[in-house]
Amino acid sequence: MNTLLNSPSVKNITKKMSSLHFVIAILFVSTLYVSVCNLMFAEGSLLHVSDYTVSLLGKYLCYALLALAVDLVWGYCGILSLGHGAFFALGGYAMGMYLMRQIGDRGVYGNPELPDFMVFLNWTELPWYWAGSDNALVMILLVFAGPGLLAFIFGTLAFRSRVSGVYLSIMTQAMTYALLLSFFRNEMGFGGNNGLTDFKEIFGFSLQSPNTKLALFVATAVMLAIGYAISHFIVNSKMGRVVTAIRDSEDRVRFVGYKPQHYKVWIFVVSAMLAGVAGALYVPQVGIINPGEFSPLNSIEIVIWVAIGGRGTLYGALVGAIVVSYAKTRFTAIMPEAWLFGLGGLFVLVTLLLPKGLAGLVTNLMDKIDPPATEKKPSSSDKNDSDKNDFNKSKSDDATLAAENK
């Protein structure tokens, strides 16, 4: 095995293939495999992937995109945000509003204009902020504009005041909790504690159709690839290097003439938009969006995904989100009451034993398989030869200088 990994061909492929290409290739192969196994193999076959599994995998990919958004601000800019659940939920509500308007007169009360919960609460007309929610383009605009605008306002106020560290984390958590309490109120016009549910179709296609579920899974994989490519481009660009420098020493960046608050607001807004897209893709696959998505515990869990996967690596955030979400699905069925203790213990163990997460573990294993070349300590003979060369070079330079003076 070591011989294969150390072969020149494998090393050349590894050097040529960047992490961007590798992640997108893995996503493509995985998506193709799930699609083929869902369409080509009948139920009961060992290779068949059920419709339920397709929706579950789509949910995992939404979580991976959300973790990617958190890693962008925490891993590369040093902003520990405990409020990205709010951006995720806002994107989900934008999609939920559109899906509710697609129900039309097929609701319980048969009102073609008002959703069922508004009819139940004796509303006579749609609120002004629901205007245009039945239009797909307006919905897409809200998915980006809602989280992006909130992130811009919050980031501008916080970063210009130079709030950072644990204080910023508490503020983001307070923002999320305030939205949680607001959306629980029926007066907000978003369904109260029940939220938005009972969706029928999206873009004219039934959400109960297996083909629609598979299409949503593929669309989520594509958006995850696009989000990863955007994040990879950002962190490797000049602006990304400035953001990383802000993480390492914000005062030095400010001293050399940059304005860190502008870069922090910019990366915060981009991250919020990615989280909003994740929320929008999450809702049609799960079938509901309610104020529980604003829970601060959800935002803390996102941070745990990134920490376990390895922050500051991008691909580590994806791995952490998928691994922990899968473990949650399995262990909540086996030991539902002890799952949170297990998750907390896993976070502590990773923090103590693997400070760089699972991504750091892979790097350490590769270094053991193919250790980096160490610099050779010069011997006494090499040192003497070097001194002789320096002496001869000095004599040659002196002769050249004398000739030029003549």
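The values are calculated or read from the model by the stated rules, or taken from the named source; none is laboratory data. This structure is a prediction, so every number in the text was calculated from the model and none was measured. Glycine also receives a Cβ, built like all others from the backbone with ideal geometry; neighbour counts cover every protein chain displayed. Accessible surface areas use protein heavy atoms only, side chains included; no ligands, DNA or RNA. Shrake-Rupley method; radii C 1.70, N 1.55, O 1.52, S 1.80 Å.
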### Query
Taking θ as phi - 60°, what are the ³J(HN,Hα) couplings along the range 160-167 by the Karplus curve (6.51, -1.76, 1.60), each to the nearest whole Hz, with x for Gly and Pro?
5, 7, 6, 7, 8, x, 5, 5
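List, in the order given, every pair from 59/238; 213/328; 328/356 whose Cα-Cα distance in the structure shown is over 29 Å. Could you put the intermediate results ahead of the total?
Details: 59/238 33 Å; 213/328 22 Å; 328/356 22 Å.
Correct reply: 59/238.
Tell me, what % of the accessible area of the range 185-271 is carbon and sulfur with a 1.4 angstrom probe?
Values: 2640 of 4540 Å².
Within the range 185-271, the accessible surface is 58 percent carbon and sulfur.
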### Query
Does the range 281-353 come out rounded, prolate or oblate by the C-alpha gyration tensor, with a ≥ b ≥ c the root eigenvalues, rounded set by a/c under 1.5 and, if not, prolate when a/b is larger than b/c and oblate if not?
oblate
### Query
What spacing in nm lies between the two simple spin-label points modelled at residue 140 and residue 334, each 7 Å away from Cα in the Cβ direction?
4.3
### Task
Mind grabbing the base-10 log of I(q)/I(0) for the range 56-102 at q = 0.28, 0.31 Å⁻¹? Debye formula, identical points on the C-alpha positions, no solvent, two decimal places.
-1.01, -1.07
### Message
Let's test the formula: R0 of 25 Å, r as the Cβ-Cβ distance of residue 162 and residue 244. What FRET efficiency results, to the nearest 0.05?
### Response
0.85
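Using alpha carbon coordinates only, what is the Rg to Rh ratio of the range 138-197, with Rh defined as the Kirkwood radius?
Working: Rg = 14.1 Å, Rh = 13.3 Å.
That ratio is 1.06, to two decimals.
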### Message
I'd like the GluC sites (Glu not before Pro) in the range 117-206 restricted to DSSP loop residues with at most 15 other Cβ atoms within 10 Å, sorted by number.
### Response
125
### Task
Taking the Cα centre of the range 76-182 as origin, sum charge times position over the Cβ atoms of Lys and Arg (+1) and Asp and Glu (-1), and report the length of that vector in debye to the nearest 20.
520
### Query
Given R₀ = 45 Å, FRET efficiency for residue 21-residue 188 by Cβ-Cβ distance, to 0.05?
0.50
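Ranked highest first by average number of other Cβ atoms within 10 Å, how do 242-250, 131-139, 307-315, 294-302 line up? Walk me through the intermediate numbers first.
Working: 242-250: 17.2, 131-139: 14.6, 307-315: 25.0, 294-302: 20.0.
Those peptides, ordered most packed to least, come out 307-315, 294-302, 242-250, 131-139.
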